[in-house]
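Undergrad: I'd like to ask you about the structure that follows.
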Amino acid sequence: MTAAGQNIGNVGNSGNVGGGGALACYASHPQTSRGRRHAQDKAPTRNEFQRDRDRIVHSAAFRRLMYKTQVFLNHEGDLFRTRLTHSLEVAQIARSIARPLGLHEDLVEAIALAHDLGHTPFGHAGQDALNTCMAAHGGFEHNLQSLRVVDHLERRYPQHDGLNLTFETREGILKHCAPTNARKLEQQDPGGVAARFLHGGQPALEAQLANLADEIAYNAHDVDDGVRSGLLTLRQLEAVPLLAHHLASVRQDHPALDDRRLLHETIRRMLSHQIYDVIDTTRAALAAAAPASANAVRRHSAPLVQFGAPLRAQLDALKHFLLQKLYRHPQVCANTDLGRRVVRELFAAYCAHPAQMRPQFATRADRERAVADYIAGMTDRFARREHARLTACRLLD
Ligand code: MG
């Protein structure tokens, strides 16, 4: 953990365009952006990535994240993470790593804030259910859906659908893409954001960083929410090497701490550990690979933003623990099963009666995709209300 305060090599003389520190040569530079789908004049005072971030914050899809489930259903408690607070934590972590690495902070923030825009209500259970419903109609992927939101579904501008974001932000949003969907995107936009899923290569460093920041955020906040909910205990955490290490160090420094402060300080140290590990490991990888530009980064066969191998192994053990003890906890599963049922029954109801949807969805020719777009955009509580209205059956209260 030696990263704080070190100088970086290869820093270009780009002024303060990164929103914080100077940009490295391998960072994404707004002046050399691959541009927007619809040509647009430059803004007088904001760089292009800053503008993307601002568009995302003002979108309806972003506000809906407030009422979408992360792990605990949105109505279960006011202090659990939602998709919105998760996305804000991802952005905070991503920015705090971007600055010492000389990456573009506004770009990494834009990607972080947009990365979950395509998530359905009821967390992964909702997504799985919608994917099953759409099996015969091209399936449903939340990363692809996030791109659909910013490219097509937001309706705010007179001249075009979507938010008309830069290539670099869209590249970061499309974190994964199945080959069949990548081929469709590639047909519409050759050499665009889907090309790397067909021909190999990496996204820019800011996209790689937003991806790891997502993992850092949920590893930490799911432990916090898990203990807060009573589904995980401090005793259980002691069986996970990474948590055991930080719990022991906090107890040694503060022997009389109450459980809540003990947990917070443990999570704080675990977060710092991950952040400094990524900064140090990535600096070493960048020094070895010496990419001269963002495009040189894209030609690499593996991501350059990474955890060191020992921490990677510890994080895999933590993820396994969270999967077994939290995400598959009977209480979590009982709620997510209900969420799955709501999505399934809403899908059937709207396919049978499209006029029950809002007009811009009801009138579309691609009925099943329109239904999927409509349901994916719903907050948990709107989905519950619609389910009650359409099926005369109240669930999840
Ligand atoms: Mg996420």
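Each value in this text was obtained by applying a stated rule to the coordinates, not by laboratory testing. The shown structure was predicted, so the numbers you read here are calculated from the model rather than taken from an experiment. Methodologically, a virtual Cβ is constructed for each residue, glycine included, from the backbone with ideal geometry; neighbour enumeration extends over all protein chains shown.
Undergrad: Filter the cross-link list Lys42/Lys184; Lys175/Lys319; Lys68/Lys175 down to pairs whose alpha-carbon distance in this structure exceeds 26 Å.
TA: Cα-Cα > 26 Å for Lys42/Lys184; rest within.
Undergrad: Could I ask something else about it? Residues with beta-carbon under 15 Å from that of Tyr157, excluding Tyr157: net charge, scoring Lys, Arg +1 and Asp, Glu -1?
TA: Residues near Tyr157 contribute 0 overall.
Undergrad: Between Asp54 and Arg183, what is 0.36 nm times their sequence separation minus the Cα-Cα distance? Round to one decimal in nm.
TA: Computed gain between Asp54 and Arg183 is 43.4 nm.
Undergrad: While we're looking at this one, here's another question. Using a cut-off of 14 Å between beta-carbons, work out the net charge of the residues near Arg261 (Lys and Arg +1, Asp and Glu -1, Arg261 not included).
TA: Net local charge, Arg261 excluded: 0.
Undergrad: Using a Förster radius of 41 Å, what is the FRET efficiency between Ala388 and His300 based on their Cβ-Cβ separation? Nearest 0.05, please.
TA: With R0 = 41 Å, the Cβ-Cβ based efficiency is 0.20.
Undergrad: In addition: Zone of Ala43 (label point 7 Å along Cα→Cβ, backbone N under 18 Å): which residues in segment 104-139?
TA: Counting only backbone N, you get 104-115.
Undergrad: Ok, one more. Measure off 7 Å from each Cα along the Cα-to-Cβ vector at Asp337 and His199, then give the distance between these two points in nanometres to one decimal.
TA: Each label point is offset 7 Å from its Cα along the Cβ direction, giving 4.8 nm.
Undergrad: Can you grab the distance from the C-alpha centre of segment 120-159 to the C-alpha centre of segment 287-305, Å, no decimals?
TA: 31
Undergrad: Multiply the residue gap between Gln252 and Thr132 by 0.36 nm, knock off their C-alpha separation, and tell me the result in nm, one decimal place.
TA: 38.3 nm
Undergrad: Would you calculate a helix-derived [θ] at 222 nm for the chain, using -39,500 (n - 2.57) for each DSSP H run of n ≥ 4 and dividing by the full residue count, to the nearest 500?
TA: Value at 222 nm, helices only: -17500 deg cm²/dmol.
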